[in-house]
Every structure is written in C-alpha cells, then in structure tokens.
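A short worksheet on the structure shown next.
The values are calculated or read from the model by the stated rules, or taken from the named source; none is laboratory data. The shown structure was predicted, so the numbers you read here are calculated from the model rather than taken from an experiment. All Cβ positions, glycine included, derive from the backbone under ideal geometry; neighbour counts span all protein chains shown. Please note that ligands, DNA and RNA were not included when accessible areas were found on the heavy atoms of the full protein model with its side chains. Shrake-Rupley method; radii C 1.70, N 1.55, O 1.52, S 1.80 Å.
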Amino acid sequence: AAIFLLTQSMLKRKIKIDGTGGDTWLDTSASSCYLIGSSRSANALRLKSPTIDNVYMLGSANQGTLAIGDSGDIDTIHMTARAGTITIGDSVVSLDLIEQTGGTIISKSGQGTTLTINQTGGLFLYHRDADDGMKALNVRAGIFEYQGKGTASTSKLWGGELHLDKNQNAAITFVNVTVYDGLWTDKGSIATVTYTNDIIAHGGSVESIGT
C-alpha cells in the first residue's frame, strides 16, 4: 500500500493505493510526486514511463519500493526515507539530480553531461551499463557501489565509502577524483578502471590498483 501526493500547477491530488502493487503501474504526468508512506512491499508504487519534474520519497513512514519504469522523463529524484527503496529503470531521460540521505537507491540510468548525484547517507547501487556515466558524484556519507560503466567527470568523497570492487563492467573512466575522507577502493574489480588524472587525496583511505 502507498500514499502519495501529485502536484501540477495549483492542482493537488492525494491518492491511496491498496494492495502490494504487483504489476499495477501508474502512468502519470505531474510537476511533483511525493511518496509519503508505504508498507513493506516489493512494489509499493510503480510509475510507468512517467513525466514528472520532481520525485520525492520522504520520511520514516516509507518501507516499500518506489519503482520508476524505463524511459521515464524525470528531472530530479530526492530520497530522504530512512528505509525503503527507489529503483530507477534504464534510460530515464532529463535526469539532472539525485539526492539521497537514507534508504536504498538502485539506478540503471545515467546522464553523462547533466546528472549530479549527492549522497549523504544510505546505500546507492549504480548499475548503468551504457557509456554515458554521470557529470558529478559527491559522497559525504553512506555507501556508494559503482557497478556501472561509462565516465564520471568529477567525483568527490568527503566521507562514507565508494566501492568499485564488485564491478564487472568492461571499462570505467574517472576524470577528476578528490578524496577528503572515507574509503575509495577499486581493488578486486575485474573492470578496467582508468583515472584520467591522478587521484587527489587530502585524507581518508584510497585503495586503488591505479595508484
């Protein structure tokens, strides 16, 4: 079951969906979508190819999964739930910003020229298998597992952990990497990890086959 709020201009709709979700998809267009409560369900709310400016999964009342289907058109995704999961399908376009403070995000989408990921908690699994990558990655806390490929233009680690050790993709390129604190590791990865420029470490721990 899920409770969410859709907003478009001055129109607000609050809809409660009963059941576990299953194969039921909501196909919608809105300015913002707020998932404010969900039960412990594999698919508490599923958005099929949505056109939404901003998607939010909020607070401590979310325990289920918000699934965003392939080929959606979404600008920003905000995950502040302590538990719960957001899954982002392949080829979600217009994706500029993902912000996470808790819970779990599993993303198969990337936008190499526009996407910025800001993580201050939780678990982020990046599974994009195309070459587009991301523009910027900022990790301050939590665990980020980079299991995708492509190019990350700017990556900064202020805390938490960034892991590439489970990556099985063919090639990953990091252009600029700065580590202030936390753990950055690519040891154990069978992927080819390339650093265009040397990793700049002001603190923390770097475990890299490339250094």
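The residue that is farthest from Q100 (Cα to Cα), among those in the stretch 53-63 that are under 16 Å from the mean Cα position of the chain (by Cα) and open to solvent by less than 10 Å² (accessible area, probe 1.4 Å), is V55. Got at least one residue in the stretch 162-183 being in contact with a strand residue (DSSP E or B) (Cβ under 6 Å, 6 or more places away or on another chain), open to solvent by 60 Å² or more (accessible area, probe 1.4 Å), of a type in the set (F, W, Y) and assigned to a loop (DSSP other than H, G, I, E, B)? There is no residue in the stretch 162-183 that is in contact with a strand residue (DSSP E or B) (Cβ under 6 Å, 6 or more places away or on another chain), open to solvent by 60 Å² or more (accessible area, probe 1.4 Å), of a type in the set (F, W, Y) and assigned to a loop (DSSP other than H, G, I, E, B).
Residues in the stretch 131-144 that are open to solvent by 30 Å² or more (accessible area, probe 1.4 Å) and either at pLDDT below 90 or closer than 23 Å to Q168 by Cβ (or both): 3 in all.
Applying the criterion of being free of Cβ contacts under 8 Å to residues at least 24 places away in the same chain and part of a strand (DSSP E or B) to the residues of the stretch 78-95, the residue that is surrounded by the fewest Cβ atoms within 10 Å (Cβ to Cβ) is V93.
Report yes if some residue within the stretch 130-147 is assigned to a strand (DSSP E or B) and more than 28 Å from D181 (Cα to Cα); otherwise report no. So far as the stretch 130-147 goes, no, none of its residues is assigned to a strand (DSSP E or B) and more than 28 Å from D181 (Cα to Cα). When the stretch 133-174 is filtered for residues that are closer than 21 Å to G89 by Cα and among the acidic types (D, E), only E145 remains. Residue pairs whose Cβ atoms lie under 7 Å apart, separated by 6 or more positions or on different chains, with the first residue in the stretch 186-202 and at pLDDT 95 or above and the second open to solvent by 60 Å² or more (accessible area, probe 1.4 Å), are N197/N176; I199/T211; H202/Y180.
Would you check if G110 is within 26 Å of H163 (Cβ to Cβ), buried (at least 19 other Cβ atoms within 10 Å of the Cβ) and either touching a strand residue (DSSP E or B) at 6+ places or on another chain (Cβ under 7 Å) or not aliphatic (A, V, I, L, M) (or both)? The answer is yes for G110. Checking every residue in the stretch 146-164 against the condition of being among the charged types (D, E, K, R) and at pLDDT 90 or above gives at least one match.
Could you please find all residues in the stretch 148-161 being closer than 22 Å to T114 by Cα and outside any strand (DSSP E or B)? Lay out the reasoning, then the answer.
Going through the stretch 148-161, the residues closer than 22 Å to T114 by Cα turn out to be 148-158.
Of everything in the stretch 148-161, those that are closer than 22 Å to T114 by Cα and outside any strand (DSSP E or B) turn out to be G148, K149, W158.
Here the stretch 188-206 is the region considered, the condition is being part of a strand (DSSP E or B) and open to solvent by less than 50 Å² (accessible area, probe 1.4 Å), and the residue that is farthest from Q168 (Cα to Cα) is S205. Filtered by the rule that a residue be part of a loop (DSSP other than H, G, I, E, B) and either in contact (Cβ under 8 Å) with a residue 24 or more places away in the chain or of a type in the set (D, E) (or both), the stretch 109-127 gives a lone residue, G110.
For G19, are the conditions met, namely being at pLDDT 90 or above, outside any strand (DSSP E or B) and over 19 Å from D132 (Cβ atoms)? No: the conditions fail for G19.
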